[in-house]
1. May I ask you to list the residues in the stretch 155-173 that are in a strand (DSSP E or B) and closer than 18 Å to A66 by Cβ?
2. State which residue is farthest from E207 (Cα to Cα) when the search covers only the stretch 105-158 and only residues that are out of contact with any Pro (no Cβ under 9 Å at 6 or more places or on another chain) and acidic (D, E).
3. Would you mind stating whether G63 is modelled with pLDDT of 75 or more, in contact with a strand residue (DSSP E or B) (Cβ under 6 Å, 6 or more places away or on another chain) and either part of a loop (DSSP other than H, G, I, E, B) or under 23 Å from E197 (Cβ atoms) (or both)?
4. Considering only the stretch 132-159, how many residues are more than 28 Å from P95 (Cα to Cα) and surrounded by 20 or more Cβ atoms within 10 Å (Cβ to Cβ)?
5. Could you say which residue among L143, L133 is within 13 Å of the chain's Cα centre (by Cα) and under 15 Å from A71 (Cα atoms)?
6. Could we say that E207 is among the acidic types (D, E), touching a Pro at 6+ places or on another chain (Cβ under 8 Å) and under 24 Å from A66 (Cβ atoms) here?
7. Kindly indicate whether G145 is farther than 14 Å from R180 by Cβ and either basic (K, R) or at pLDDT 90 or above (or both).
Amino acid sequence: MRTGLLLVIAGSTAVGCGQSDSGAKRREDGAAAALADKRAAPPPADAAGAAGDAGLTVEQLPGFRATAEAADAVPEVRERLADVKAVAPGCAEDPDAAQVLAFPGDPEILVSLAHGAVAFSGGKPVATTAEPLTDCVGSQTELVGAWLGQLVPDPDPELVVLETTGGRNMAATTLHVLKRRDDRFVAVFAHVVAEYEGDEERRSPIEVRADGTIVAASGGNRAAYVWDPEAFRFAP
């Protein structure tokens, strides 16, 4: 697992097997230690992971200030997804991809690789995701984290999701940005922030400027993406 390595839109996957055991072992040991430290830490003031005045910072997305970080959903909350159609059925069948993260409140938002994002109000789904984040191919599939915060200059927050997909030989971590539009969560931006091949890790930095522009690097080039309300996405 590569928990907490990097930050999450339209999914990107890499499939493979037979990665160098030493490289995979080092990454998995580091991820396990980080996860253990996180779980051993005292819980936040509320279950949603309340942010202080300065907001929650996300290491892999400089310039972004989250207002809440999702926590692992308890079993009774997870069960709410039972009647919601999975947009990535293969993820629902994969025990490594079965994690569900939750933002308590009304609406309550649940995030999983199988269902994407689902908002509940009064115990009933009021917004769902139309497209899958990933297809959950490979042994390294993992829902790394999810955060709520403001990227677009309007009253509604955006949902940032980070997931890793792939095998021990090749994998990728992708940052997804989802935004609610009526009864749908729409994928409005996606960027592969890290690729893994054997012992090598290649990062593609991404940041948010003060005006809300997302600047992403890929292959030695940098591109700026600005919010286009008519297209309802971040566009170059």
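The values are calculated or read from the model by the stated rules, or taken from the named source; none is laboratory data. Keep in mind that this is a model prediction, so the values were computed, not measured. Note: ideal-geometry Cβ built from the backbone for every residue, glycine included; neighbour counts use all protein chains shown.
1. E158, L159, V160, V161, L162, E163, T173 - these are the residues of the stretch 155-173 that are in a strand (DSSP E or B) and closer than 18 Å to A66 by Cβ.
2. D106
3. When the stated conditions are applied, G63 passes them.
4. Looking only at that region, the number is 2.
5. Of L143, L133, the one residue that is within 13 Å of the chain's Cα centre (by Cα) and under 15 Å from A71 (Cα atoms) is L143.
6. So E207 fits the description; yes.
7. yes
Let's see how each residue does on (1) of a type in the set (S, T, N, Q); (2) closer than 30 Å to V118 by Cβ; (3) crowded, with 20+ Cβ neighbours inside 10 Å:
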{"site": "T165", "(1), (2), (3)": "yes, yes, yes"}
{"site": "A172", "(1), (2), (3)": "no, yes, yes"}
{"site": "V177", "(1), (2), (3)": "no, yes, yes"}
{"site": "F185", "(1), (2), (3)": "no, yes, yes"}
{"site": "V193", "(1), (2), (3)": "no, yes, yes"}
{"site": "R203", "(1), (2), (3)": "no, no, no"}
{"site": "R209", "(1), (2), (3)": "no, no, no"}
{"site": "I214", "(1), (2), (3)": "no, yes, yes"}
{"site": "S218", "(1), (2), (3)": "yes, no, no"}
